[in-house]
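The next block holds one structure in the form of structure tokens; read it before the comments.
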There are 2 protein chains.
Amino acid sequence: MTTTDVVIVGAGLAGLTAARELTAAGKSVIVLEARDRVAGRNCGHVLNNGVPIELGGQWIGPTQTEVLGLVRELGLETFNTYDTGTSVTAYNGTVTHYDDETFGLPIDSAMEVGRLQQELEALAATVSLSSPWLTDDAAELDRQTLDGWLRANTDDPGALAFWGGIVPAVFSAEVAEMSLLHFLFYIKSGGMIDQLVATTGGAQEMRVVGGTHQISERLAQELGEGIVRLNSPVRTITHDAAGVTVAYDGGEISAQRVIVAIPPTLAGRLAYSPALPASRDGLTQQIPMGSVIKVQIAYETPFWRTAGLNGFGVSLDDELSVTLDNSPADASCGVIVAFFEGAHARTAAALSDDERRASALNTLAKLFGEQALSPIDYVEKNWMEEEYTRGCYGGRLGAGVWTQYGKSLSEPIGAIHWAGAETAEEWNGYMDGAVRSGRRAAAEVLGELS
Amino acid sequence: MTTTDVVIVGAGLAGLTAARELTAAGKSVIVLEARDRVAGRNCGHVLNNGVPIELGGQWIGPTQTEVLGLVRELGLETFNTYDTGTSVTAYNGTVTHYDDETFGLPIDSAMEVGRLQQELEALAATVSLSSPWLTDDAAELDRQTLDGWLRANTDDPGALAFWGGIVPAVFSAEVAEMSLLHFLFYIKSGGMIDQLVATTGGAQEMRVVGGTHQISERLAQELGEGIVRLNSPVRTITHDAAGVTVAYDGGEISAQRVIVAIPPTLAGRLAYSPALPASRDGLTQQIPMGSVIKVQIAYETPFWRTAGLNGFGVSLDDELSVTLDNSPADASCGVIVAFFEGAHARTAAALSDDERRASALNTLAKLFGEQALSPIDYVEKNWMEEEYTRGCYGGRLGAGVWTQYGKSLSEPIGAIHWAGAETAEEWNGYMDGAVRSGRRAAAEVLGELS
């Protein structure tokens, strides 16, 4: 049996960052990865014209300092998402171009959206990021769904449609599928709503030249030969106060500590011996992953730019609900990235490939004109089907879960530590949160082993 | 490798009933059970005075015809739960004895409870038991939590307290933790609220002499030597249209079909090769099990009877919230069965054994008098800690789950069929539903193999 100081389960950003920190501190590590590749929810792809795109998480915002620092340390470069021109919204059969803060909604609805945003952010300001369950009034905030709160606080159909569209765009889940407390925690964790939804100045500001999966690839390379073991799904973690034995398809490793750096719902599927406390197990029974199909549609040119459009589109009337300009930095071709999210992802997944493609292209034509019907490539990634992620962007907590189970999200259990974007206080659910969680878990382990 | 016609995962009532039906039709079966005993959520125990009690599901109602028929076929006997005398409710610091329909609530609150019950049952009558997602207005009913509906429909604090107490008693979960549609489905599945909560004439009417675990024990015995394999947790199901290979701790079995007869959340933890469709996987990510600690407190005599009390108690002020007389048929001693349920179970689980016992006894003393402080035995079962159940009474569906994932609850996937109380149309979540689900799954398999 191999022996190492720390075993890490999962070679995504969280696991690899933890491995890097531990290695830098002189500890030996082995990273076990179920897939035949590293990078988890980051995943590169190349269009049929040779242009690289990304099937998974791709954007980095200016306040995401941890992942941004890592990108630069590893010698990768960023470029800005194209963001010049007019945005477009389809709502109630009308397509509206806009340059202002209205999101293309009727003015009354836009005002109501703003009022609700202020109220939600005032509530979010009260939330404890380190311990959401200790927030003043946590029980009351957690009892309600976001849907319940919205309907109790407005009857403006445009405002309800907006929140019903923008929330799946951020969470890949519906307003009824998360507690108000979870929504508030998450928006505060990412610096509030404008930060989350903005391109320039927000979470979609930058992209990595060549793709974000290179961050993980370079981290793995830096660790050296034999440290990251691919095609090695972990099955059982046997643990006591002194250490762990981790059994995977391919062998067993004995270590002083293990860091489980995979989504909570997947962490709950490992066998633990002895079994984990009920509080942790109950948590993993109820953090479902979001639902998303990411679509990239390539054209000879970014034709919408010549029409003065920036490629940012929202349709509150269609299944394909959000689009952005995803063209390469040199604009050698045009690429729109678009998403089926939440309930739309689930219904779109049930369509045939042809039906789903037609649905996507028809929405793009509505937003950007008939040229959208003639792509040169069309690429989809259904993250719900990925056995070792089982949904993106991340896990969410429904009504009652934060207050009753939240404490178990990152609290170590003996020799077992937890990492992953879902365990982050800042930028929870994002690459930046994943990096932070890996550093936090590594620090926990170092504190115990030193 | 062993070969058989059908492998069954789980030797609870559902799995063993399926095995019985298949065997009767001439098929060979092997039942793989993770535990060192059969009967799943039924479990026998003996008090220190030699009187048998039950740590798990114990009651049978008169309309639970399938489990009742099975009990009689297997030569077991039933007796009636003691139900003579006055009931008692603690609410807002007041203890009220009552013989009427008021549940011991202030009359205005009792009237409001009745009005809400009528409205809920009128809505429940519209629900499709076979396909809840096809119910008229399903999206609207599923979007709301039961909590949201209650608060929108009453502001009577007594009525809200009542529903907040009685719902955990039936579901081991809070009103915010299930969708309105799930609540409506479940109450209709069990014949509406009076049936669910009543002793005589309802789901708590009868008990099995010696304990309900004997049903499973006799079913296993009837199957014969070598058919039920204990201590055999299943790890991987490899499947194609032609059949399955089931790998467990102890070997592999090849079969034409498998019936997975364990709770959905545990079914989701098995490894499937190829991986299951996202619709099924997403479902198992979000059917958490209920939370309950079942407590039995034994006394020299059923002293409450001499005070004219039937032992049925509800405290809306305490963590131990529901009690019933659980004395043996001959009343050779007195036994109260009581429950920490839902959120109370989770907080009570965090107490020390002594603290929890004191909390339970203090509530009993409040309801039945000081004699309750001097038991001759005190037995607890925390079902959340059971590795191979992970909560009782059963799985629940939160807001949005039935409409988006419900179809995958019992729909076979190639050679894989699903059973268990959570998959039943009638008496979902009860022993009767488990038996029905086993018969349904066996019939599916026979239809394909014959």
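Selection within the stretch B:409-422: residues that are within 25 Å of A:Ala399 (Cβ to Cβ) and in contact with a Gly (Cβ under 8 Å, 6 or more places away or on another chain). The member of this set that is nearest to the other protein chains (Cβ to nearest Cβ) is B:Glu422. Can you name every residue in the stretch B:109-160 that is surrounded by 16 or more Cβ atoms within 10 Å (Cβ to Cβ), over 21 Å from A:Arg151 (Cα atoms) and of a type in the set (Lys, Arg)? Passing the criteria: none in range. One residue stands out in the stretch B:364-395 among those that are more than 14 Å from every other protein chain (Cβ to nearest Cβ) and without any contact (Cβ under 8 Å) to a residue 24 or more places away in the chain: the one that is farthest from B:Gln286 (Cα to Cα), namely B:Glu370.
Answer yes if at least one residue in the stretch A:232-252 is part of a loop (DSSP other than H, G, I, E, B), small (Gly, Ala, Ser), more than 14 Å from chain B (Cβ to nearest Cβ) and in contact (Cβ under 8 Å) with a residue 40 or more places away in the chain, and no otherwise. Looking for residues that are part of a loop (DSSP other than H, G, I, E, B), small (Gly, Ala, Ser), more than 14 Å from chain B (Cβ to nearest Cβ) and in contact (Cβ under 8 Å) with a residue 40 or more places away in the chain, one finds at least one in the stretch A:232-252, hence yes.
Each row is one residue, and each column tells you yes or no for (1) part of a loop (DSSP other than H, G, I, E, B); (2) surrounded by 21 or more Cβ atoms within 10 Å (Cβ to Cβ).
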site	(1), (2)
B:Asp5	no, no
B:Asn48	yes, no
B:Pro62	yes, no
B:Val67	no, yes
B:Tyr82	yes, yes
B:His97	no, no
B:Asp100	yes, no
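B:Arg390 fulfils the conditions (1) assigned to a loop (DSSP other than H, G, I, E, B); (2) of a type in the set (Lys, Arg); (3) more than 18 Å from the chain's Cα centre (by Cα) except for a single criterion, (3). For the stretch A:150-163, the criterion of a residue being outside any helix (DSSP H, G or I) and either out of contact with any helix residue (DSSP H, G or I) (no Cβ under 9 Å at 6 or more places or on another chain) or within 10 Å of another protein chain (Cβ to nearest Cβ) (or both) is satisfied by at least one position.
Residues that are part of a loop (DSSP other than H, G, I, E, B) and in contact with a strand residue (DSSP E or B) (Cβ under 8 Å, 6 or more places away or on another chain) were ranked within the stretch B:69-80; the one that is surrounded by the most Cβ atoms within 10 Å (Cβ to Cβ) is B:Leu76.
Regarding B:Gly56, is this residue on the phi < 0 side of the Ramachandran plot, without any contact (Cβ under 8 Å) to a residue 24 or more places away in the chain and outside the structural domain of B:Arg218 (by TED's automatic domain parsing)?
Values: on the phi < 0 side of the Ramachandran plot: yes; without any contact (Cβ under 8 Å) to a residue 24 or more places away in the chain: no; outside the structural domain of B:Arg218 (by TED's automatic domain parsing): yes.
Judged against the criteria, B:Gly56 is not a match.
Answer with yes or no whether A:Asp136 is part of a loop (DSSP other than H, G, I, E, B) and farther than 28 Å from A:Gly400 by Cβ. No; evaluated as a whole, the condition is false for this residue. Scanning the stretch A:235-250 for residues being touching a Ser or Thr at 6+ places or on another chain (Cβ under 8 Å) and open to solvent by 30 Å² or more (accessible area, probe 1.4 Å) gives a total of 5. Every test in (1) outside any helix (DSSP H, G or I); (2) crowded, with 24+ Cβ neighbours inside 10 Å is passed by B:Glu422 save one, and that test is (1).
Residue-level check: of (1) open to solvent by less than 30 Å² (accessible area, probe 1.4 Å); (2) within 14 Å of another protein chain (Cβ to nearest Cβ); (3) in contact with a helix residue (DSSP H, G or I) (Cβ under 7 Å, 6 or more places away or on another chain), B:Tyr272 misses just (3).
Pairs are defined by a Cβ separation below 6 Å, a sequence spacing of at least 6 or placement on different chains, a first member in the stretch A:111-137 that is in contact (Cβ under 8 Å) with a residue 60 or more places away in the chain, and a second member that is part of a loop (DSSP other than H, G, I, E, B); the pairs so defined are A:Glu121/A:Met192; A:Val127/A:Thr135; A:Leu129/A:Glu425; A:Ser130/A:Glu425. Of all residues in the stretch A:317-336, those satisfying the criterion of being polar (S, T, N, Q) and closer than 17 Å to A:Met206 by Cα are A:Thr323, A:Asn326, A:Ser327. Do we find that A:Ile336 is farther than 30 Å from A:Ala261 by Cβ and crowded, with 19+ Cβ neighbours inside 10 Å in this structure? Yes; evaluated as a whole, the condition is true for this residue.
Here A:Glu225 passes the criteria (1) assigned to a loop (DSSP other than H, G, I, E, B); (2) closer than 30 Å to B:Pro264 by Cβ except the one numbered (2). The set of residues in the stretch A:192-234 that are within 27 Å of A:Asp330 (Cβ to Cβ), basic (Lys, Arg) and open to solvent by 20 Å² or more (accessible area, probe 1.4 Å) contains only A:Arg218. Against the list (1) within 30 Å of A:Asp249 (Cα to Cα); (2) at pLDDT 95 or above, the condition A:Glu225 fails is (2). Between B:Arg396, B:Arg390, the distinction of being closer than 30 Å to B:Leu270 by Cβ, modelled with pLDDT of 95 or more and in contact with a His (Cβ under 7 Å, 6 or more places away or on another chain) belongs to B:Arg396 only. Checking A:Asp108, A:Asp142 one by one, the residue that is within 14 Å of chain B (Cβ to nearest Cβ) and in a helix (DSSP H, G or I) is A:Asp142 and no other. For A:Ala267, the test of being under 17 Å from A:Gly395 (Cβ atoms), more than 14 Å from chain B (Cβ to nearest Cβ), buried (at least 21 other Cβ atoms within 10 Å of the Cβ) and in contact with a strand residue (DSSP E or B) (Cβ under 7 Å, 6 or more places away or on another chain) is failed. Out of all the residues in the stretch B:177-193, is one or more closer than 30 Å to B:Gly50 by Cβ, away from chain A (no Cβ under 13 Å) and touching a residue at least 24 places away in the same chain (Cβ under 8 Å)? No; the residues of the stretch B:177-193 include none that is closer than 30 Å to B:Gly50 by Cβ, away from chain A (no Cβ under 13 Å) and touching a residue at least 24 places away in the same chain (Cβ under 8 Å).
The values are calculated or read from the model by the stated rules, or taken from the named source; none is laboratory data. For clarity, every value in this text was computed on a predicted model and none was experimentally measured. No Cβ is skipped: glycine too gets one built from the backbone with ideal geometry, and neighbour counts run over all protein chains shown. Surface areas here come from the heavy atoms of the whole protein model, side chains and all, with no ligands, DNA or RNA. Shrake-Rupley method; radii C 1.70, N 1.55, O 1.52, S 1.80 Å.
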